[in-house]
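The values are calculated or read from the model by the stated rules, or taken from the named source; none is laboratory data. Computed from a predicted structure; not experimentally measured. For neighbour counting, all protein chains shown are included, and Cβ atoms are generated from backbone atoms with ideal geometry for every residue, glycine included.
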Amino acid sequence: MHRYLFLIAALLLQLNSLFAQEKVNWKMLANVEHEVKYHEEEEVDYLHPTFSKSVQALEGKQIEITGFTLVLDEEAGYFILSQYPFASCFFCGGAGPETIIELKLKKPYPRVKMDEVRTLRGRLVLNYDDIYQCIYILQDIEFVD
């Protein structure tokens, strides 16, 4: 009987860790270093990320983060969550690539407005080497507010 209770308790702890979420802030995601590398195929230099251990520990976990929503191509479903509004973001204002998260929203896309402050929850994916995507990607997204 005790053995079954132990197994049930262990299972509940594992399920809790699967559904638990971590509140993350932009300062936590800033723990990444970048090295300029050359991409042969595209013939361009790009910033290759090296994530800190604290950031690596977030990989695959459910996180919750607040930022500015950026609509880059609504038809193509290309949305970003940014630490800064559009005028100051990575693309326009000179902030680093660690200040944005690519959002993988499912169709039909929810109504997303430019520069709206939103809190999102989703599974964090770290992008180590795909130059066509952001270094942070959020999947399985739900809008908290």
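Among the residues of region 26-45 satisfying the criterion of being of a type in the set (Asp, Glu) and assigned to a strand (DSSP E or B), which is nearest to residue 141 (Cα to Cα)?
So, considering only residues that are of a type in the set (Asp, Glu) and assigned to a strand (DSSP E or B), the one nearest to residue 141 (Cα to Cα) is 33.
All but one of (1) in contact with a Pro (Cβ under 9 Å, 6 or more places away or on another chain); (2) within 24 Å of residue 54 (Cβ to Cβ); (3) modelled with pLDDT under 95 hold for residue 127; which doesn't?
Condition (3) is where residue 127 drops out.
Quick check: anything in region 95-112 at pLDDT 90 or above, surrounded by fewer than 17 Cβ atoms within 10 Å (Cβ to Cβ) and of a type in the set (Val, Ile, Thr)?
Taking every residue of region 95-112 in turn, none turns out to be at pLDDT 90 or above, surrounded by fewer than 17 Cβ atoms within 10 Å (Cβ to Cβ) and of a type in the set (Val, Ile, Thr).
Considering only region 105-125, state which residues are hydroxyl-bearing (Ser, Thr, Tyr) and either touching a residue at least 60 places away in the same chain (Cβ under 8 Å) or in a strand (DSSP E or B) (or both).
Once the filter is applied, which keeps residues that are hydroxyl-bearing (Ser, Thr, Tyr) and either touching a residue at least 60 places away in the same chain (Cβ under 8 Å) or in a strand (DSSP E or B) (or both), region 105-125 yields only 119.
Suppose the filter is at negative phi and at pLDDT 95 or above; does residue 138 pass it?
Against the criterion (at negative phi and at pLDDT 95 or above), residue 138 qualifies.
Free of Cβ contacts under 8 Å to residues at least 24 places away in the same chain and not in a loop (DSSP other than H, G, I, E, B): which single residue out of 102, 98, 142 fits that description?
142
Name the single residue that is surrounded by the most Cβ atoms within 10 Å (Cβ to Cβ) among those in region 46-76 being outside any strand (DSSP E or B) and free of Cβ contacts under 8 Å to residues at least 12 places away in the same chain.
Looking at the filtered set, the residue picked out is 57.
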